[in-house]
Amino acid sequence: MNALVGGRIANLTRVQLEGMIGERRPVIVDIGAGDGKFVYRLAADQPDAFCIGIDANQDNLLKQSKRVRRKPTRGGKDNILYLVSRVQEITDELQSIADEVFVNLPWGELLHGIVVPKPELLSSIRRICMPGAPLRLSLYHQTAGAPTPLVLADLPELTPAYLDSVVMPGLEQSGFQVTDVCRVGSEEIRQIGTTWARKLAQNQLAEAVQVEATATRPLQRQTGDTPPSPSGKNLAGTHSASYTFKCSGHPNIRGTHHKTVEFTRDNEITGRATCVLGVAADFSLADLQNIVGNVTVEIAVGDSSETFHATVNPAYGDSERMIFRKSRLPTEQTFAVDLDKPASQFTRSFIRSLSDPDASIMVTVKQK
Ligand SMILES: C[S@@+](CC[C@H](N)C(=O)[O-])C[C@H]1O[C@@H](n2cnc3c(N)ncnc32)[C@H](O)[C@@H]1O
């Protein structure tokens, strides 16, 4: 991906980005960041967060990108990254990175893709979001008395009927659940706090539509489309549900990995598989793919159990391995990211019971 470092473009890999983010949370992404000032203020107000501003136009971002490279006393920040790209061209590298996404007063193809709507563009925004991440969207809306800005000239008017019948279904079909829609006037537009918002708010007749949505699955299932899980509960709904599978212990289970936990369908592992906590697992990919959002996982063996938490990766698609990672590397084998307890943090007595080849281990994944 094209990172803007000071005044020049540098290629940045996903692994390097993970390294920059480290333990910082939340990760906030501003799409169509314009001059990047909004994201700068977010980063200044939330030093524990990591903020990413994306814009197709490098010139827009230049000034802020140089500013963040200065010394901290002169406005420098190490919790911001500016990326130069059309959002549609970047999403693989940013997959599931964001805990919160803003799209403030877009124009051009970004605005068209939301208002018309275009599934490719909306899905690219969706892919950046972690499941459960809020999307905060503001769309400029032209009113009768105000001159038509060029950016709106060939777009349909955002009437309540058009919003209900076209814009909101477009978002929902691309994996967002819309939670709030409201029409606001010039004072609320000013409070959005971006440069463009301030410009638009000078017109007393200006109106905007603000939409709050939450990322669900990338593609929503139709009602009645969801296969039941073995526990007989519908895991794709919004209520909590759980899925339990069985696996076996193995003498090579060491549980010393500092970043991951894994369950595998393989019967055998070597001593190098330090993240594996159960072999011969009988989970089914189809059932696991019905689980979304934040999960609590309980591993039970004999009378003891230990739990951990993580967030499901919507791109998971491996029928043999189920990996939980501390990082956000959303590979196909990664069932969940943001793991809060890697193998090395389990008690050693618990790991010893998993290394008994006769151990019968029950793993319950509970959706919150
Ligand atoms: C009206 S400006 C708003 C900037 C900023 N959000 C604000 O409120 O001040 C819209 C921005 O969207 C960017 N943009 C348009 N299409 C885009 C795309 N496909 N991907 C990323 N940025 C895009 C433009 O380059 C422009 O900077």
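The values are calculated or read from the model by the stated rules, or taken from the named source; none is laboratory data. Quick caveat: nothing in here was measured; it's all calculated off a predicted structure. Using ideal geometry, Cβ is built from the backbone for each residue, glycine included, and neighbour counts are taken over all protein chains shown. Protein only, heavy atoms only, side chains kept; ligands, DNA and RNA dropped before computing areas. Shrake-Rupley method; radii C 1.70, N 1.55, O 1.52, S 1.80 Å.
State the extension gain, in nm to one decimal, for the chain segment bounded by residue 172 and residue 270, taking 0.36 nm per residue of separation less the distance between their alpha-carbons.
Details: separation 98, 0.36 × 98 = 35.28 nm, distance 4.51 nm.
Computed gain between residue 172 and residue 270 is 30.8 nm.
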Can you list residues whose amide H is under 5 Å from residue 5's amide H, if they're 5+ apart or on another chain and H is modeled 1.01 Å from N? 10
Taking r as the C-beta separation of residue 44 and residue 286 and R0 as 56 Å, the FRET efficiency to the nearest 0.05 is 0.80
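Arrange the peptides 350-356, 174-180, 125-131 so that the one whose residues have, on average, the most other Cβ atoms within 10 Å appears first. Intermediate results must be reported in sequence, preceding the final value.
Values: 350-356: 16.9, 174-180: 18.7, 125-131: 24.9.
So the peptides 350-356, 174-180, 125-131, ranked by packing, come out 125-131, 174-180, 350-356.
Where the only charges are on Cβ atoms (+1 Lys, Arg; -1 Asp, Glu), what is the dipole of the range 277-344 about its Cα centre, to the nearest 20 debye? Please report the intermediate quantities before stating the final value.
Numbers: 5 positive and 10 negative charges, 64 e Å.
The dipole magnitude comes to about 300 debye.
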Probe 1.4 Å, all chains present, heavy atoms only: residue 363 accessible area in Å², nearest 10, is 0 Å²
For the range 110-115, take each phi angle, set θ = phi - 60°, evaluate the Karplus expression 6.51 cos²θ - 1.76 cosθ + 1.60, and give the result in whole Hz per residue in order, putting x for glycine and proline. 5, 5, 4, x, 8, 7
Might you tell me the accessible area per residue for the chain, computed with a 1.4 Å probe and given in Å²? 45 Å²
Working note, the range 66-204: Cα radius of gyration (Å, one decimal) and Dmax (Å, whole number) are 16.5, 51
One would report the antiparallel percent of DSSP beta bridges in the chain, rounded to the nearest 5, as 70 percent
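Work out, step by step, the length gained on full extension between residue 352 and residue 204: first 0.36 nm times the residue separation, then minus their alpha carbon distance; give nm to one decimal. Could the numbers behind the result be given before it?
On the way: separation 148, 0.36 × 148 = 53.28 nm, distance 6.95 nm.
Stretched fully, the residue 352-residue 204 segment lengthens by 46.3 nm.
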From the phi angles alone, apply the Karplus equation (6.51, -1.76, 1.60; θ = phi - 60°) to the range 360-368 and give each ³J(HN,Hα) in whole Hz, x where the residue is Gly or Pro. 9, 10, 10, 10, 10, 9, 10, 7, 7
Dipole of the range 2-215 (Lys/Arg Cβ +1, Asp/Glu Cβ -1, origin at the Cα centre): which of 189, 134, 73 lies farthest to the positive side? 73
Between residue 154 and residue 309, what is the label-point separation in nm under the 7 Å Cα-to-beta-carbon projection? 4.8 nm
Carbon and sulfur atoms account, in whole percent of the 1.4 Å probe accessible area of the chain, for 49 percent
Can you list the residues, at least 5 places off or on another chain, whose amide H is less than 5 Å from the amide H of residue 102, using H built in the peptide plane? 29, 30, 31, 136
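So what is the relative contact order of the chain, in percent, for Cα pairs below 8 Å that sit 6 or more residues apart?
Working: 858 pairs, mean separation 49.0, N = 368.
Computed over the chain, the figure is 13 percent.
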At q = 0.11 Å⁻¹, what base-10 log of I(q)/I(0) does the Debye formula yield for the chain when every alpha carbon is treated as an equal point scatterer in vacuo? -0.81
For n ≥ 4 DSSP H runs only, could you compute -39500 (n - 2.57) per run for the chain, divide by its residues and tell me the 222 nm figure to the nearest 500? -5500 deg cm²/dmol
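Among the DSSP beta bridges whose two residues both lie in the range 2-215, what percent are antiparallel, rounded to the nearest 5? Let's see the in-between values first.
Values: 21 of 39 bridges.
If we restrict to bridges inside the range 2-215, about 55 percent are antiparallel.
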Taking a straight Cα-to-Cα line shorter than 26 Å from residue 199, and setting aside same-chain lysines fewer than 8 residues away, one finds 37, 63, 66
